[in-house]
Amino acid sequence: MIRTIAAAGGLLGLALAGAAILATPDARAETKEINFGIISTESSQNLRTVWEPFLADMARKTGYKINPFFAADYAGVIQAMRFDKVDVAWFGNKSAMEAVDRAGGEVFAQTVDKDGNPGYWSLLIVHKDSPIKSLDDILKHPGEYTFGNGDPNSTSGFLVPSYYVFAKNGVDPKTLFKRVMAANHETNALAVANRQVDVATNNTENMSRMEKTAPDKAKEVRIIWKSPLIPADPLVWRKNLPDAEKKVIRDFILDYGVKGSPEEVAKEKQVLAGLLWAPFKESSNAQLLPIRQLELFRDRTKIENDASIAAEEKKAKLAEIDAKLQELSKQQGS
């Protein structure tokens, strides 16, 4: 939350010759604070390492005190924004959608891949020596393998594989696998590398980071499935932030690695490269429309394949989802 801490000022009473002399108020020193939420894609220690240079620059350029906010899971950052404990946050698209719908958030910027990719990809990974060579190998052996699923609010770790891997193939991971656990990307990748689970979700961004932070472990992992493209991650702020503060934040984000002296721009681009990003671009809640469609498609597929739902009830539920999908298509201008 942005807070203003005013230095003690006001009237200073002085006794002089029996008379009360009122001093004029002192100039008030103001320190504004921003709590910046960072989703738990990996350990807080690793995240701090790559985020601290960026947040230090944000503090220097805005004049605000920037407090990094970490939580054990994605929901912790969403809830913190809901209760005004987080002002700005880096989210994935799925968690951003939850922040917009449930926590008064608003997308204002989007990350850009350092190599110029328009987004990233969800993955299924196995140990390099695993007998599993493809998704079909998993589907043909129900109850045989263990699975590391992603955080329920993760786009690439949960939503995307939920639709493309499971819903489209008419299977439930809880019955497809012998055992299912949920964790962040880093934990899932390490679990695969250490043979603690047979298969897990991940994404191309996290695997690139792992090649730098734990190259020996990265070499133990093999990709068996890659999703369609996922839009790059959004930055979200609280809609109820004052417009003046929003302008300061927006200007810093969109100018970072773009404006300034050649030396300053080069330094900022290097900081962004540590986050695997290039300079940001402006965005809005419209970025989330494909993710909303994906979630509805997933739900539609589940209902369509559920033999336990009565025909009339199924028809009504599908019609409701189709109406929502049609409305989203209109919003996209298609």
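Going through segment 230-303, which trypsin sites (Lys or Arg not before Pro) have at most 15 other Cβ atoms within 10 Å and a DSSP loop state? Could you put the intermediate results ahead of the total?
Values: sites: R238, K239, K246, K247, R250, K259, K267, K269, K281, R292, R298, R300, K302; in loops: K239, K259.
When the trypsin sites (Lys or Arg not before Pro) of segment 230-303 are filtered for loop state and at most 15 Cβ neighbours within 10 Å, K239, K259 remain.
Dipole magnitude of the chain about its Cα centre, charges +1 at Lys/Arg Cβ and -1 at Asp/Glu Cβ only, in debye to the nearest 20? Let's see the in-between values first.
Numbers: 44 positive and 44 negative charges, 26 e Å.
Result for the chain is approximately 120 debye, rounded to the nearest 20.
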Find how much the distance from K219 to L318 grows on full extension, using 0.36 nm per residue of separation minus their present alpha carbon separation; answer in nm with one decimal. 31.2 nm
Just the number, please: percent antiparallel of the DSSP beta bridges in the chain, rounded to the nearest 5. 70
Can you list residues whose amide H is under 5 Å from W277's amide H, if they're 5+ apart or on another chain and H is modeled 1.01 Å from N? K114
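Once every DSSP H run of n ≥ 4 in the chain is given -39500 (n - 2.57) and the sum is divided by its residues, what mean residue ellipticity at 222 nm do you get, rounded to the nearest 500 deg cm²/dmol? Numbers along the way, then the final one.
Values: 12 runs with 133 residues, N = 334.
Here the helix-only value at 222 nm equals -12000 deg cm²/dmol.
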For a quick check of your reading of the filter: which trypsin sites (Lys or Arg not before Pro) in segment 96-132 sit in a DSSP loop and have no more than 13 other Cβ atoms within 10 Å? K128
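Counting only DSSP beta bridges with both residues in segment 72-207, tell me the antiparallel percent, nearest 5.
Numbers: 5 of 11 bridges.
Restricted to segment 72-207, the bridges split so that about 45 percent are antiparallel.
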Selection from I309, Q331, I321 lying farthest towards where the dipole of segment 289-331 points positive, charges on Cβ: Q331
Give the lysines whose C-alpha is closer than 20 Å to that of K324, dropping any in the same chain fewer than 8 places away, or say none. K94, K168, K302, K314, K315
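Magnitude of the Cβ-charge dipole of segment 119-230, K/R +1 and D/E -1, about the Cα centre, nearest 20 debye? List each step's numbers first, then the result.
Details: 14 positive and 12 negative charges, 20 e Å.
Using Cβ point charges on Lys, Arg, Asp and Glu, segment 119-230 gives about 100 debye.
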Which ³J(HN,Hα) values in Hz, rounded to whole numbers, follow from the phi angles of segment 216-230 under the Karplus curve 6.51 cos²θ - 1.76 cosθ + 1.60, where θ = phi - 60° and Gly and Pro get x? 5, 6, 4, 5, 8, 10, 10, 8, 10, 8, 9, 7, x, 4, 10
Among all the lysines, which ones have a C-alpha under 24 Å from K212's C-alpha, if same-chain residues fewer than 8 places away are not counted? K114, K128, K226, K267, K269
With the dipole of segment 139-196 defined by +1 on each Lys or Arg Cβ and -1 on each Asp or Glu Cβ, the option from S162, A193, Y145 whose Cα lies farthest towards the positive pole is Y145
Reviewing (1) 21.0; (2) 17.4; (3) 23.6, the figure for mean projected area of the Cα convex hull in nm² actually calculated from this model sits under (3)
Using per-residue counts of other Cβ atoms within 10 Å, averaged over each peptide, order 131-143, 71-83 from highest down. 71-83, 131-143
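Any read-out appearing in this document is the output of simple, stated calculations on the displayed coordinates, not a laboratory observation. Worth saying up front: this structure is predicted, and the values here are computed from it rather than measured. Quick reminder, even Gly has a Cβ in these numbers, built from the backbone with ideal geometry, and neighbours come from all protein chains shown.
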